[in-house]
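First, the structure itself, so that you have it in front of you.
The values are calculated or read from the model by the stated rules, or taken from the named source; none is laboratory data. Fair warning: this is a prediction, and the values are worked out from it, not measured in the lab. Using ideal geometry, Cβ is built from the backbone for each residue, glycine included, and neighbour counts are taken over all protein chains shown. Areas reflect the complete protein model, heavy atoms only, side chains present, ligands, DNA and RNA absent. Shrake-Rupley method; radii C 1.70, N 1.55, O 1.52, S 1.80 Å.
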Amino acid sequence: MPRIRTNQYNQDIFMIGFSKGTTMAPEMAASYIVGIFPSLATTGAHYWFHQKKVKSAAFQQLQKNLSSVQKYWCESQGRVLPLNDDSHQKDADAFKTSLYIMGTLFAFMSWAGFFFNMVVLASTRKFAISRFEQKIFNSDLCTKNLNPAEIENILKDCEA
């Protein structure tokens, strides 16, 4: 029985798949690259749905009513906060930052990231809406102009 040199044997085992110009599983690499695009598209859908909500007539009416009592709806936190000069811009920046981080991480996860991104999209659009937010968006705050006393009464009712 011929004796195998150990160094050569270990080197041959290590080089399986890399020697003589062969590549390892190009279809896996292609699948990974292709999976990045649906993940990024889902992140784009998050942004589109958010912009659609923020630019809606009901949301604009809500912000108009709340601004008359020096408050605003903070979309990134899902609650009513005191109004400052740059409150709306800070809220928009916080949303964009969290979306960019989430989208980047999910893109690196490729198809698994796409799946998780879809779960997050479905949950934030349908399942993870607080009762307070539902009450606010179903109230008269989103449909008509109100005086400050009516606004305060509605906010108290929604918080209860």
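Rounded to the nearest 0.05, what FRET efficiency do residue 54 and residue 30 have when you use their Cβ-Cβ distance and R0 = 30 Å?
0.20
Determine ³J(HN,Hα), in whole Hz, for all residues of region 100-110 in sequence, where each value follows from phi through the Karplus function 6.51 cos²θ - 1.76 cosθ + 1.60 and θ = phi - 60°; x replaces Gly and Pro.
3J(HN,Hα) across region 100-110, in whole Hz: 5, 5, 4, x, 5, 4, 5, 5, 5, 7, 6.
A follow-up question, please. Could you order 47, 72, 100 by accessible surface area, starting with the largest, using a probe radius of 1.4 Å?
Heavy-atom accessible area, descending, gives 100, 47, 72.
Out of the total accessible area of the chain (probe 1.4 Å, heavy atoms of protein only), what percent is carbon and sulfur?
The C+S portion of the solvent-accessible surface of the chain is 62 percent.
Not counting ligands, DNA or RNA, and with a 1.4 Å probe, what is residue 79's accessible surface area in Å² rounded to the nearest 10?
120
Sticking with this one: Could you check which residue among 48, 73, 111 shows the biggest mean-square fluctuation in a GNM of the chain with a 10 Å Cα cutoff?
Comparing 48, 73, 111 in a Gaussian network model of the chain, the most mobile one is 48.
List, largest first, the extents of the alpha carbons of region 29-108 along their principal axes, each in whole Å.
Taking the Cα atoms of region 29-108, the three principal extents are 56, 21, 16 Å.
Could you compute how much accessible surface residue 151 exposes when probed at 1.4 Å, giving the result in Å² to the nearest 10?
Its accessible surface works out to 0 Å², give or take rounding.
Using a 1.4 Å probe and ignoring any ligands, DNA or RNA, find the accessible area of residue 118 and quote it in Å² to the nearest 10.
Residue 118 exposes around 80 Å² with every protein chain in place.
Here is a further query. Among 55/96; 53/156; 135/156; 90/144; 55/90; 52/96, which pairs are too far apart, with a Cα-Cα distance over 19 Å?
53/156; 90/144
Sticking with this one: Which FRET efficiency value, to the nearest 0.05, is calculated for residue 140 and residue 94 with the Förster distance at 22 angstrom and r the Cβ-Cβ distance?
Plugging the Cβ-Cβ distance into 1/(1 + (r/R0)^6) gives 0.20.
How much area per residue is accessible in the chain when the probe is 1.4 Å and only protein heavy atoms are counted (Å²)?
Accessible surface, normalised per residue, equals 70 Å².
Under 13 Å from the Cβ of residue 118, count the other residues' Cβ atoms, weight Lys and Arg +1, Asp and Glu -1, and hand me the total.
+2
Continuing with the same structure: Tally Lys and Arg at +1 and Asp and Glu at -1 over the other residues with C-beta under 15 Å from the C-beta of residue 149: what net charge comes out?
Here the charged neighbours net out to -1.
Here's something else I'd like to know. Can you give the Rg/Rh ratio of the chain, where Rg is from the C-alpha atoms and Rh is the Kirkwood radius?
Taking Rh as the inverse mean 1/r over Cα pairs, Rg/Rh reads 1.34.
Give the long-range amide H neighbours of residue 74: residues separated by 5 or more places, or on another chain, with amide H under 5 Å away, using H modelled in the peptide plane at 1.01 Å from N.
For residue 74, the qualifying residues are 79, 80, 81.
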